[in-house]
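A short worksheet on the structure shown next.
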Amino acid sequence: MSERFDAIVVGTGAAGLSAAVSAARAMPNFRVAIISRGVFGLDGASCWAQGGIAAALSNADSPMQHALDSVNAGGKACNKSAARWMAEAAPETAQWLSQLGVNWDRSTQGVLLARGSAHSTARLLHAGGDATGAEIMRTLRDVAAQLSNVQVFEFSEVDRLLKMLGRVVGVQLRNNQGQTHELYAQQVVLATGGLGQLYRYTTNPFDSDGSGIFLAQSAGAELADMEFMQFHPTALSSRTEQDAQLPLISEALRGYGARLVNERGVRFMAAVHEHAELAPTDVVARAVFMQMEQGHEVFLDARVLGDNIRSYFPTVFAACKTRNFDPRVDLIPVVPAAHYLMGGVRVDLHAMSTVPGLYAVGEAACTGLHGGNRLSGNGLMEAIAFGRTLGERIARQPLIGANFKDDGSVPARRIAPAPVSESLVYNRLKNLMWGFVGIIRSESGLQGALEQIHLLERRCLSGSKAMNQVALAKIMIEAALRRKQSLGAHVVDNSAKRGFGSAVA
């Protein structure tokens, strides 16, 4: 079966729904197909976002300062044009979300603004305390569900992009009943998120496996900055191998006064950086990692918040209570975990990839905005600002009117359940990435990881999910090897060997 649309959006997180909603609202006759791996608007990482969304809204702030903070946090390796564009678009984007129905946390003076890591002033908007992502996604889902020109394909996965004469013209999808469909459109938007699930310990949900990035690369799109994986410094520690997604302990707690200490009660961040717990995310993650390398356990002391932690951070409070401790009186055990990919599909400021007809937004894309390290709150803002603007633009582009037909130039990938051997490959890969391509890397460790990748390639079936993820890991390792010097989240330390046991959660 095949069907024609004006645009296809793959992924239903904040980036995908922002693009789909803005396109459908801009032109009532513009037909948009949205493809969701699971329940519409509930899969992906956006629903889990706790740290807020960044916008310069106070009189003490400005988009210029927001952009400067972004560049500084990114190790001065950011695309300055992207940082400036997003910072200037941020206040209007926050207002757009308000108009759609997002209920920001407020005080008698107006919208509450919090300060986060590496921000020079308070500019993080929250909704429901630490439920910002959930509130934004609730709003976008509600709006999308009311649009008659939006058609949703749930429990469906794209197994290849369709091309004709060098242009992406659609997708081939497979639903959970094994049925395949071909959807055609002159614009295809990838909003499939990151790839934290390539690591043993991650805050990312199961769907964050890099599938969209691999699809784009298979269709000939360039990737960029794949060596830059941001590790969140405070995931809730877990001792179970089955816990594929570690609960996030929001950076915003540190903005409200929570402190990092080891099991001896020593507050170590003050000696590491002038901004202590509010240092850039990569600095804090490395400090936590090094404490654990030295044999310490690390905790977040949020007792200063008292009962406010229950009202300001209900998600964190619930996660702690589920594990039978009370953050109002107990220390919170934390570990670093893979959190956010700064790289992805190379796109310009119009979200266009290097392949005609193919766009990317959100964590799957690389605008260069984040450089070597993402400023907290910029992930959601980038996803929504670029997604919204892209949707409005593609809806107003003149239709090509071509009779699209796939020329078979892009190979299909197999998405059937993995056999036991592939599951073993996947587990080996996650350990390999955590041990050698993690918070601190060495050239010898990366070379050893690359040799292991070559061995894993021989054990994978061509086109399988495991093979795709091994291929993505190889791209990340090769990118890390090319960057000889430390920058942001990519830290090279050739003085020590890195093994699989580093900082195990």
Which values of log₁₀ I(q)/I(0), to two decimal places, follow from the Debye formula for the chain at q = 0.07, 0.09, 0.12 Å⁻¹ with a uniform point scatterer at every Cα? -0.34, -0.58, -1.06
Calculate how many DSSP beta bridges within the chain are antiparallel, expressed in % of all such bridges and rounded to the nearest 5. 65
Tally Lys and Arg at +1 and Asp and Glu at -1 over the other residues with C-beta under 11 Å from the C-beta of MET352: what net charge comes out? +1
Show the residues, 5+ positions off or on another chain, whose built amide H is closer than 5 Å to the amide H of GLN187. ILE8
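Could you sort the peptides 150-160, 446-456, 32-42, 322-332 by per-residue average Cβ neighbour count (10 Å cutoff), highest mean leading? Display every interim value, and only then the final one.
Values: 150-160: 20.2, 446-456: 16.6, 32-42: 21.8, 322-332: 14.5.
The packing order, highest mean first, is 32-42, 150-160, 446-456, 322-332.
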Can you give me the C-alpha center-to-center distance between the range 139-153 and the range 1-34, rounded to a whole angstrom? 9
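Could you sort 57-70, 113-126 so that the peptide with the highest average Cβ count within 10 Å comes first and the rest follow in order?
Numbers: 57-70: 18.4, 113-126: 22.2.
In decreasing order of mean packing, 57-70, 113-126 become 113-126, 57-70.
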25 Å Cα-Cα reach of LYS465 towards lysines, excluding residues that sit fewer than 8 places from it in its own chain: LYS163, LYS430, LYS474
P(r) for the range 290-437: what percent of alpha-carbon pairs falls in each 5 Å bin, starting at zero? 2, 7, 10, 10, 11, 14, 15, 12, 8, 5, 3, 2, 1, 0
Could you grab the relative contact order for the range 233-338? Cα pairs under 8 Å, six or more apart, rounded to a whole percent. 36
Mind putting a number on the dipole of the range 126-221 about its Cα centre? Charges go on the C-beta only, +1 for Lys and Arg and -1 for Asp and Glu, and I need it in Debye to the nearest 20. 300
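Using just the helices of the chain, give the 222 nm mean residue ellipticity in deg cm²/dmol: DSSP H runs with n ≥ 4 each add -39,500 (n - 2.57), and the total is spread over all residues, rounded to 500.
Values: 13 runs with 166 residues, N = 505.
After summing the helix terms and dividing by the residues of the chain, the value is -10500 deg cm²/dmol.
Bear in mind these aren't lab numbers, they're just calculated from the coordinates by the rules spelled out. Every value quoted in this text rests on a predicted model; they were computed, and no experiment measured them. Here the Cβ is made from the backbone with ideal geometry for all residues, glycine too, and neighbour counts use every protein chain on show.
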